[in-house]
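The values are calculated or read from the model by the stated rules, or taken from the named source; none is laboratory data. Keep in mind that this is a model prediction, so the values were computed, not measured. Quick reminder, even Gly has a Cβ in these numbers, built from the backbone with ideal geometry, and neighbours come from all protein chains shown. These area figures cover heavy atoms from the full protein model, side chains too; ligands, DNA and RNA do not enter into them. Shrake-Rupley method; radii C 1.70, N 1.55, O 1.52, S 1.80 Å.
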Amino acid sequence: RPAILMDRKELIRQYKETPRPAGVYRVVHTSSGRTLFGSSFDAPAMLNRVQAQLKMRGHPNPQLSKDWAADGEGAFVFEVLDLLTPSEGGDGDLADDLRILEALWVEKLGLGAEALY
């Protein structure tokens, strides 16, 4: 029985030490082209969170929620656009790296204010 407890503790330690997939993500309403765009220290988890909020009717963006209610899940595309490569020397300033990566993607996609949620 103690071995199981140690295995659990080891799994938790490994999880905490595993670098999170930081990056840029977007949610696109396919019929209007409007996009929820952002960056996160764990981009796949953030997409899961947004999708769960929409399914539970608890997302804070009213226009996105309205489009979701009107058109349903099938009218949206959830995608991670880019991930940062974990650095060998630790995290550094990951927030700055994410801001730069996000700015590059905004430029690349040509996202103006009218296209964003």
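Quick notes on this one:
- For the residues Asp96, Asp67, Asp82, a GNM of the chain with alpha-carbon springs under 10 Å puts the largest fluctuation on Asp96.
- For the chain, modelled as a GNM whose springs connect Cα atoms under 10 angstrom apart, the maximal fluctuation among Gly58, Gly23, Gly38 occurs at Gly58.
- In the frame of its principal axes, segment 22-83 has Cα extents of 31, 22, 17 Å, reported largest first.
- Compared with the alpha-carbon gap, the fully stretched path from Ala113 to Met56 is longer by 17.9 nm at 0.36 nm per residue.
- Reciprocal of mean inverse Cα separation for the chain (Kirkwood radius, Å): 16.1
- Structure-based [θ]222 nm, the chain - -39500 (n - 2.57) summed over DSSP H runs of at least 4, per residue, nearest 500: -15000 deg cm²/dmol
- Note on segment 1-84: with charges restricted to the Cβ of Lys and Arg (+1) and Asp and Glu (-1), its dipole about the Cα centre is near 380 debye.
- Extension gain for the segment Lys66 to Ala103, taken as residue separation times 0.36 nm less the Cα-Cα distance, is 10.6 nm to one decimal.
- Surface share of carbon and sulfur [accessible, 1.4 angstrom probe, percent] for the chain: 55
- Among Glu17, Glu107, Glu73, the largest mean-square fluctuation in a Gaussian network model of the chain, built with springs joining Cα atoms closer than 10 Å, belongs to Glu17.
- Over the chain, accessible surface divided per residue gives 67 Å², non-protein components excluded, 1.4 Å probe.
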